[in-house]
Amino acid sequence: MNIIFLGAPGAGKGTQAEMVAKKYSIPTVSTGNIIRDAIRTGTEMGLKAREYTDKGHLVPDEVVIGIIEERLEKDDCKNGFILDGFPRTIPQAEALDRMGTKIDRVIDIEVDDETIIERMSSRRVCEKCGASYNLESKKPKVDGVCDNCGGKLVVRDDDKPETVKSRLEVYHKQTEPLKEYYEKKGVLRVVEGQQDIEDTTALTFKALEE
């Protein structure tokens, strides 16, 4: 099954994608992770992408599309995959169509903006290993210290409230139109994000089986 997850930054679509990937034994292709890795390692593309992400803007289509096309050609995607963070614009969706990639289901995780801002402001990331925590739902054993490697936990620039608000504005303007795009194709399913992750996951699996 080829699946796309939509949802505003911080809506929890990444977590849902992981759950589905585990159940169906298919890989999750997350452009966010790919781009963050490039930024962390200081590659040419990473430095270019950082100019945009630090301002809460989207990375240019030509960069993202090339990354995705190359990734979907790998063997582990032959039996299905999950796209998390792509497409983010109508042109990206059209580019995906031109690749000849059939999408079986698009899951849109809906969470209101104020809840998202609160969630992301509570997120902490290990500056050494990249492990992610949340002061509300996934606290580290020792405040400010990574459980895995003992590294320092920090607030990423793109998790700060002012940046989150900017990212949400971009999402509503550029990505939200994808709901109508995929609804017309008959593959869109909307899932209302719940307070408990498990409840959202149950709704996600139900939507996939509809």
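Residues considered: A95, A17, A131. Largest GNM mean-square fluctuation over the chain, using C-alpha springs under 10 Å, is found at A131. The Rg/Rh ratio for segment 67-210 is 1.00, where Rg is the radius of gyration of the alpha carbons and Rh is the Kirkwood radius.
Heavy-atom accessible area for E18, with the other protein chains in place and a 1.4 Å probe, reaches approximately 120 Å². Extending 7 Å from Cα along the Cβ direction at K102 and again at E51 yields two label points whose distance is 4.1 nm. For the chain, the residue among T41, P27, L208 whose Cα projects farthest onto the positive side of the dipole built from Cβ charges is T41.
Once backbone amide H atoms are built at 1.01 Å from N, R156 has V125 as its partners under 5 Å, excluding neighbours fewer than 5 places away on the same chain. Taken one residue at a time, the phi angles of segment 112-119 give Karplus couplings (6.51, -1.76, 1.60, θ = phi - 60°) of 6, 4, 4, 5, 5, 4, 5, 4 Hz. Gly and Pro are set to x. At full extension, N148 and I197 could sit 15.4 nm farther apart than now, given 0.36 nm per residue minus the alpha carbon distance.
Using a probe of 1.4 angstrom, how much of the accessible area of the chain is carbon and sulfur, in percent? Kindly include the intermediate steps, with their values, before the conclusion.
Working: 5360 of 11500 Å².
Roughly 47 percent, rounded to a whole number.
Multiply the residue gap between D113 and Y24 by 0.36 nm, knock off their C-alpha separation, and tell me the result in nm, one decimal place. Walk me through the numbers before you get to the answer.
On the way: separation 89, 0.36 × 89 = 32.04 nm, distance 3.03 nm.
This chain segment gains 29.0 nm when fully extended.
Dipole size of the chain about its Cα centre, with +1 on Lys/Arg Cβ and -1 on Asp/Glu Cβ: approximately 480 debye, rounded to the nearest 20. In this simple spin-label model, placing a label point 7 Å from the Cα along the Cα-to-Cβ direction at both D157 and D37 gives a separation of 2.2 nm. The order of T28, T41 by accessible area, most exposed first and with a 1.4 Å probe, is T41, T28.
Please count, across segment 1-91, the pairs of lysine residues with Cα atoms under 20 Å apart that sit 8 or more places apart or on different chains. Could you put the intermediate results ahead of the total?
On the way: K13/K22; K13/K23; K22/K74; K22/K78; K23/K78.
Going through segment 1-91 pair by pair, I get 5.
Amide hydrogen proximity for F81: with H placed 1.01 Å from N in the peptide plane, the residues at 5 or more positions away or on another chain lying under 5 Å are N2, I3.
If you place +1 on the Cβ of every Lys and Arg, -1 on the Cβ of every Asp and Glu, and leave all else neutral, what size is the dipole of segment 29-125 about its Cα centre, to the nearest 20 Debye? Could you put the intermediate results ahead of the total?
Working: 15 positive and 21 negative charges, 73 e Å.
I would put it at about 360 debye.
Listed values for segment 147-161 are Karplus-derived 3J(HN,Hα) couplings in whole Hz (6.51 cos²θ - 1.76 cosθ + 1.60, θ = phi - 60°), namely 5, 7, 10, x, x, 7, 8, 10, 8, 5, 4, 7, 9, 6, x, and x replaces Gly and Pro.
Using the heavy atoms of the protein chains and a 1.4 angstrom probe, tell me the accessible area per residue for segment 48-200 in square angstrom.
I get 57 Å² per residue for this part.
With every protein chain kept in the model, how would you rank Y171, Y52 by accessible area, 1.4 Å probe, largest at the top?
Details: Y171 15, Y52 75 Å².
The ordering from most to least exposed comes out as Y52, Y171.
The distance separating the Cα centre of segment 152-210 from that of segment 82-129 comes to 6 Å. Near the amide H of V106, within less than 5 Å, lie the amide hydrogens of I4, L188, R189, all on another chain or at least 5 residues away, with H placed in the peptide plane.
The values are calculated or read from the model by the stated rules, or taken from the named source; none is laboratory data. As the structure is a prediction and not an experimental result, all values here were calculated from the model. Reconstructed Cβ throughout: ideal geometry from the backbone, glycine too, with neighbour counts over all protein chains shown. Areas reflect the complete protein model, heavy atoms only, side chains present, ligands, DNA and RNA absent. Shrake-Rupley method; radii C 1.70, N 1.55, O 1.52, S 1.80 Å.
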